[in-house]
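What follows draws every value from the coordinates through simple rules; no lab data is involved. These numbers were taken from a predicted model, which means no experiment stands behind them. Counting neighbours? That spans all protein chains shown, and the Cβs are built from the backbone with ideal geometry, glycine included.
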């Protein structure tokens with residue numbers, strides 16, 4: 001597996017984010033736009049990574065953006081269903097954490113949802129702890145926010 005920075009607008013990046021969006025829409029059909037004005041874009045993410053399998057196929061992605069308070073936020077973390085359970089998600093997350101440290105952040109935060117038990121188990125296994133909601137997720141009944149202090 002190779003994990004590397006790629007352009008936000010790359011065809012594989014768009015395909016992976018669209019697949020993520022379709023999966024979230026199926027899990028949360030009553031919430032058409034979960035992020036509003038805080039939706040990540042090429043201009044608002046500091047790092048965008050794509051993971052590729054041995055055959056070069058894009059199998060996962062994740063983005064990182066620095067927030068005004070100096071923390072880093074994981075965005076668009078997604079692994080294709082066929083690649084889940086193979087270490088792709090852990091590889092992407094650790095790479096994003098490394099970028100966060102290089103960018104000067106000592107804490108990484110993220111949001112998942114209450115209908116994503118697989119993501120909850122993954123983040124908790126990787127050392128993330130529940131926190132209060134932040135930004136557009138503060139007070140949202142389905143949002144589950146997590147953070148991890150980096151060493």
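What separates the Cα centres of region 111-151 and region 18-94 is a distance of 14 Å.
Here the label points at residue 25 and residue 103, each 7 Å from Cα along the C-beta direction, are separated by 2.7 nm in the simple model.
Length gained on full extension, residue 18 to residue 131: 37.9 nm, using 0.36 nm per residue less the C-alpha separation.
Potential lengthening of the chain between residue 82 and residue 124 amounts to 12.9 nm, from the contour at 0.36 nm per residue minus the alpha-carbon distance. Here the spin labels are modelled as points 7 Å beyond Cα on the Cα-Cβ line, and at residue 9 and residue 69 they lie 3.3 nm apart. Considering only alpha-carbon pairs that sit under 8 angstrom and 6 or more positions apart, the relative contact order computed for the chain is 20 percent.
The candidate values were (i) 29; (ii) 43; (iii) 18; the one computed from these coordinates for percent of Cα pairs over 26 Å apart carries the label (iii).
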